[in-house]
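The values are calculated or read from the model by the stated rules, or taken from the named source; none is laboratory data. Predicted, not measured: the structure shown is a model, and the values here were computed from it. Here the Cβ positions follow ideal geometry from the backbone for every residue, glycine too, while neighbour counts run over all protein chains shown. Protein only, heavy atoms only, side chains kept; ligands, DNA and RNA dropped before computing areas. Shrake-Rupley method; radii C 1.70, N 1.55, O 1.52, S 1.80 Å.
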Amino acid sequence: MEHRPIKADSDTREHLVVIGNGMAGCRAVEELLARDPARYRVKIFGAEPRVNYNRIMLSPVLAGEKSFDDIVINDADWYAKNGIALIAGDPVVAIDRAAKTVTTRGGVSESYDKLLIATGSDPFIIPVPGKDLPGVIAFRDMDDVAAMLDAAEKGGSAVVIGGGLLGLEAAHGLSLRGMKVTVLHLMPTLMERQLDEAAGWLLKQALEARGQTILTGADTAEIVGDGRVEGVILKDGTLIPADLVVMAVGIRPSTALAREAGLAVGRGIQVDDHMVTSDPDVLAVGECVEHDGQVYGLVAPLWDMCRSLADGLVEKPTGYRGSVTSTKLKVSGIDVFSAGDFSGGDGCEDIVLRDASRGVYKRVIVKDDRIVGAVLYGDTADGNWYFDLLKKQEDVSDLRDVLIFGQAFASGGGQADPKAAVAALSDDAEICGCNGVTKGQVVSCIAKGAHSLDAVRGTCKASASCGSCTGLVENLLALTLGDDVQSGPKTMCKCTSFGHDDVRREIVAQEMRSIPEVMQKLHWATPDGCSSCRPALNYYLLCALPGDYVDDQQSRFVNERLHANIQKDGTYSVVPRMWGGLTNPTELRAIADVVEKYNAPMVKVTGGQRLDIFGIRKEDLPAVWADLNAAGMVSGHAYGKALRTVKTCVGSEWCRFGTQDSTGLGVKLERMSWGSWMPHKFKIAVSGCPRNCAEATIKDFGVVCVDSGYELHVGGNGGIHVRATDLLCKVATEQEAMDYCAAFIQLYREEARYLERTAPWIERVGLDHIKARIVDDEAGREALRARFLYSQSFSQDDPWAQRAEGAEAEHHAPMARFTPQKEIA
Amino acid sequence: MTSTAEWLDIGWVDQIPVRGSRTVQVEGGDDIAVFRTAEGKVFALLDRCPHKHGRLSQGIVHGGAVACPLHNWRISLSTGEALGDDKGCTPTVPVKIDGGRVLICRASTLKAAA
Ligand SMILES: Cc1cc2nc3c(=O)[nH]c(=O)nc-3n(C[C@H](O)[C@H](O)[C@H](O)COP(=O)(O)OP(=O)(O)OC[C@H]3O[C@@H](n4cnc5c(N)ncnc54)[C@H](O)[C@@H]3O)c2cc1C
Ligand code: SF4
Ligand code: FES
């Protein structure tokens, strides 16, 4: 194309003035020039003192992979050749639409025929004390990068607030430059707008492995420093020293100029399909605009906007229709891709592939046979393919079965039937990578009688580790046996092909530490599990890592979350602990007061000898607990999969038949075991003689005192199928009774499946197994007991006391109230 | 909030726990349960299970559904329909997010009170 410099004064062409020398402003001009280079006389105002550069490449500049010169899009020559006047380093401060002029801070005034606003966005600065201290910066332009490079030269530590795309890129760059970096992210998942939990977890692992500290759920309270930033304080009081703080928590369309000029502004400057604002002579493009209710923070939509803008100005209007966006994280060596909507919902089918050994996670969301979203981690090669199918809204029903394996596999034609694909494999093809098992070995093990998935796992170990080859093994079973496949023991739920025992074993063997980690390593087929597996996983982790694992409240049933029993009308009942069934006037008075004060309609003596206060409203719970705590009472855990009560009779202290102090022993047992989480509810009873008034032989653990000592009983329950206990053994002293009880509880905690009470557990594993572990194996018993007591050192916190003090108060209060008469929210 | 507003501002998105919910109390009617999924989407339903009126706000949220705390029916957050073999539907309340604030539809909220 030929470029002719044109002198402004003799120029009679329409005058186009552009505010914003960024990616959208300049691109719009390029699009106009490409269509009709002679149509407009152009003048661009830019706040930054430099030519137009590729803003998204600031991250590689910070990381040292590129220099500023490498990222310039249009150099001074381009402006000159195209006769574009650039006023750089002097921001426009006012638009006068009546006079059709703009004025800069330096006092330059310019009149226009058409005005284009492309002011981009302003970084959002969270309004905490200390935000204006020197050393606190945003990550938006070249000046910010220069400030970061300066700081990095001196070394020291940096805190990046915000674990989104920008924050992580800043953190990566600073850490490559030798700073010690901590990322603070408010949400539990990094890049939560782009990634789901599973992918976010992988990303966190990868960044931590590179030496960054990533704190999720971290809420910044204050930035501190004497004249210059010295650290960041979180709401929980943690202080993190910092020589540099980068705020990358989000951006806001830069609309101040437009708003002051009286243009229509919502979240951004409102434009129509041709990028025209509420004033026909003023256009706007880029991150500063709102189109059809949407604002964008990525470049791809800007290109679409700029095309429509140029078409509207110099050619036939085409019209912008909004954009679907995709994102990649530009951190070298960590591949992350996200596109479209992956929030699931109705009619949406999630196809998930997890390959733990390669650190790959892929999730494609299909709705009505069309792809609506995709998240890829570790292997993003197919990102563009999915994005293309998504944008074109192509019907993928034919590819459904193989879609997740990617383009290469899906276009392999004949392999679209997974069974045929397995049949076509040669005998020495590897099926199970973890255990190095070939197809031939699996087939011969099936031929020798392993007719179920579990039998195969047990015999040749295929699919027994990470489970990613489960589908292949199942196909081999189906191919080899036809209809004779036996379905194995039930899997935990439809989210996984593993049973409870396998999951537990793997959690311990692989030292897994969080629910997303388990889901990734064991190839969960759903993004965040379901109401069956989540509570179970939470329990298994809690049991495996006492004191270490952070309980996931959202994976608990409401009773455990609120520490009270939900009743059919939505109110709650509250049971204070009464040790061994004992009480006294203070406690009784406190209970009576609570009943009156909160209008509880009923109080009932429970089967476990406690008082249950019914009909408490959710919002009153914290106050009720505070009142009960004040009288010295703690939660009875009557709502939990936990130790509930220890029922006792009066024993030798009062009863004429009593042989031992059954009440005293009951109190001691309850003091030892309260607060412990279990696979299911757990009840204990102690009777003072074989008359057994405390009904100890239908409890999970029962003690019957006899003249010569204590009979220990296990595995009873009074549920639908009443089961009397089995006699475990007899011991001579109270101390032994306590020790055996602790060991038994721990064995149950470690071995039973979630929601399995002691009775079915014992019937499943056999009483002999339990005797062997607890009675015959003295060292083993001692170890179990020690593990139980260790775990109790963390769990004997009264949840009521914490709540009464205001912990998680938001669980109780409504978020807002609406009174229709007054119509105020 | 003015009486003419179509949308009621009920607070910040961050006030709703991820994979959890909060409620809006409606005087003289059913509460509204406002949910936030793992992926940050926000939905609102009448806080009343179609089965036996369990408080959906107290259930476990997973994917785009909530499991009722009373008998474990799964209810879709976006349509209010019971999923799987169960049949029944809970009214939904339109929600939108604007600048981090959660807004719910005033007309539907009034209906909840009716
Ligand atoms: C570090 C970083 C990494 C990014 N990575 C990616 C990525 O990987 N992929 C992606 O798609 N997007 C990425 N983005 C986002 C992308 O850069 C933006 O979407 C894009 O730059 C927006 O273009 P724009 O023209 O609307 O705004 P900008 O490019 O920000 O341009 C606006 C310009 O207007 C100027 N201006 C503002 N007010 C005035 C005024 N009153 N007078 C004169 N001039 C004014 C500003 O100084 C600025 O130069 C990244 C952004 C950053 C900061
Ligand atoms: S179990 Fe024996 S000791 Fe206890 S109350 Fe009954 S009769 Fe008395
Ligand atoms: S009331 Fe919700 S499942 Fe029964």
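How far, in degrees from 0 to 90, does helix A:165-176 lean away from the longest principal axis of the Cα atoms of chain A, to the nearest 10?
Helix A:165-176 and the main axis of chain A meet at about 90 degrees.
Return the tail of the calculated pair distribution for region A:309-348, meaning the percent of Cα-Cα pairs more than 12 Å apart.
Distances greater than 12 Å cover 74 percent of the Cα pairs.
Work out the P(r) tail for region A:617-660: percent of alpha carbon pairs separated by more than 18 Å, whole number.
55
Where in region A:138-158 is the amide nitrogen less than 18 Å from a point lying 7 Å along the Cα-to-Cβ axis of A:ILE126?
A:138-140, A:158
Relative to the present Cα-Cα distance, how much length would full extension add between A:ALA509 and A:ASP226 at 0.36 nm per residue of separation?
Extra length from A:ALA509 to A:ASP226 when fully extended: 97.0 nm.
To the nearest 20 debye, what is the magnitude of the charge dipole of region A:485-606 about its Cα centre, counting +1 on the Cβ of each Lys and Arg and -1 on the Cβ of each Asp and Glu?
Here the size comes out at about 300 debye.
What value in Å³ per residue do you get for the convex hull of the alpha-carbon atoms in region A:213-357?
In region A:213-357, the Cα hull volume divided by residue count equals 232 Å³.
Chains B and A: buried accessible surface, both sides, probe 1.4 Å, rounded to 100 Å²?
3900
If you take each beta carbon of peptide B:68-76 and count the beta carbons of other chains within 10 angstrom, what is the mean?
Average neighbour count from other chains, rounded to a whole number: 3.
If all Cα-Cα distances of region A:136-175 are sorted into 10 Å bins from 0 onward, what percent lands in each bin, rounded to whole numbers?
With a bin width of 10 Å, the distribution comes to 31, 62, 7.
Which residue, A:TYR79, A:ALA99, A:MET57, has the largest displacement toward the positive end of the dipole of region A:1-157 when charges sit on each Cβ (Lys, Arg +1; Asp, Glu -1)?
The one lying farthest along the dipole's positive direction is A:ALA99.
At what distance in angstrom do the alpha carbon centres of region B:4-36 and region A:241-257 lie from each other?
About 29 Å separates the Cα centre of region B:4-36 from the one of region A:241-257.
Please state the charge dipole magnitude for the protein assembly as shown, taken about the Cα centre, from unit charges on C-beta atoms (+1 on K and R, -1 on D and E), reported in debye and rounded to the nearest 20.
With only Lys, Arg, Asp and Glu charged at Cβ, the dipole is about 1640 debye.
Output the Cα-based Rg and Dmax of region A:561-656 in Å, rounding Rg to one decimal and Dmax to a whole number.
13.6, 48
Pop out the Kirkwood hydrodynamic radius of region A:479-588 from its pairwise C-alpha distances, inverse of mean 1/r, in Å to one decimal.
Hydrodynamic radius (Kirkwood, Cα only) of region A:479-588 equals 16.9 Å.
For region A:54-176, what is the largest minus smallest coordinate of the Cα atoms on each principal axis, given in angstrom and ordered from greatest to least?
Cα extents, longest axis first: 51, 38, 24 Å.
When you have a sec, figure out the Kirkwood radius of region A:218-279 from all distinct Cα pair distances and drop it here in Å to one decimal?
Hydrodynamic radius (Kirkwood, Cα only) of region A:218-279 equals 14.9 Å.
For the full complex of protein chains and a 1.4 angstrom probe, list A:ASP292, A:ASP427, A:ASP551 by accessible area with the highest value first.
Correct descending sequence by accessible area is A:ASP292, A:ASP427, A:ASP551.
Just by accessible area at a 1.4 angstrom probe, what is the order of A:HIS274, A:HIS500 from largest to smallest?
A:HIS274, A:HIS500
For region A:1-119, list log₁₀ I(q)/I(0) at each q in 0.11, 0.13, 0.22 Å⁻¹, using the Debye formula over Cα point scatterers of equal strength and ignoring solvent, two decimals each.
Ignoring solvent entirely, the Cα scatterers give -0.38, -0.52, -1.30.
Determine the relative contact order of chain A: mean sequence separation of Cα pairs under 8 Å and six or more apart, normalised by residue count, in whole percent.
Value for chain A: 7 percent.
Would you mind giving the mean number of other chain beta-carbons within 10 Å of the Cβ of each residue in A:568-578, as a whole number?
2
For region A:227-307, what is the accessible area per residue in Å², given a 1.4 Å probe and the full set of protein chains?
Accessible surface, normalised per residue, equals 41 Å².
Between the helical axis of A:197-209 and the dominant principal axis of chain A, each derived from Cα atoms, what acute angle in degrees is found, rounded to the nearest 10?
For A:197-209 against chain A, the angle is about 80 degrees.
What Kirkwood hydrodynamic radius, in Å, does region A:638-707 give when the mean of 1/r is taken over all pairs of distinct Cα atoms and then inverted?
When all Cα pairs of region A:638-707 are included, the Kirkwood radius is 11.9 Å.
Report, to the nearest 10°, how far helix A:299-314 tilts away from the longest principal axis of the Cα atoms in chain A, using its own Cα long axis and a range of 0 to 90°.
Tilt relative to chain A: about 30 degrees.
Using 0.36 nm times the number of residues separating A:ALA626 and A:GLU763, minus their current alpha carbon distance, what extension gain do you get?
45.1 nm is the gain from fully extending A:ALA626 to A:GLU763.
Run through all the Cα pairs of region A:536-590 and give the fraction in each 5 Å bin from 0, expressed as whole percent.
In whole percents, the pair-distance histogram is 4, 15, 16, 14, 15, 17, 11, 6, 1.
Computing the accessible area with a 1.4 Å probe over protein heavy atoms, can you report the carbon and sulfur percentage for chain A?
Taking all protein chains in place, chain A shows 50 percent carbon and sulfur surface.
So in the protein assembly as shown, what percent of DSSP beta bridges are antiparallel if you round to the nearest 5?
Close to 70 percent.
Quickly estimate the mean residue ellipticity at 222 nm for chain B, helices only: each DSSP H run with n ≥ 4 gives -39500 (n - 2.57), and the total goes over all residues, rounded to 500.
Helices in chain B give a 222 nm mean residue ellipticity of -2000 deg cm²/dmol.
Based only on Cα atoms, what Rg/Rh ratio does region A:701-773 have, Rh being taken as Kirkwood's radius?
Taking Rg over the Kirkwood Rh, I get 0.97.
Suppose every K and R has +1 on its Cβ and every D and E has -1 on its Cβ; what is the size of the dipole of region B:7-114 about the Cα centre, in Debye to the nearest 20?
40
Quick one: plug the Kirkwood hydrodynamic radius of chain A (C-alpha pairs) into Stokes-Einstein at 20 °C, 1.002 mPa s, and report D in µm²/s.
67
Using Cα positions and a limit of under 13 Å, work out the aspartates and glutamates in reach of B:LYS96, with same-chain residues fewer than 8 apart set aside.
Those aspartates and glutamates meeting the cut-off are B:GLU6, B:ASP9.
Any chance you could list P(r) for region B:20-107, counting all Cα-Cα pairs in 5 angstrom bins from zero, rounded to whole %?
3, 16, 29, 27, 16, 7, 2, 0
How many angstrom separate the Cα center of region A:617-666 from the Cα center of region A:349-366?
48
Which whole-number value in Å² is the accessible area per residue of chain B, probe 1.4 Å?
40
Let me know the volume per residue of the alpha-carbon convex hull for region B:25-69, in Å³.
65
What's the extension gain from A:ALA99 to A:LEU588 if we count 0.36 nm per residue and subtract their Cα-Cα distance?
Computed gain between A:ALA99 and A:LEU588 is 167.9 nm.
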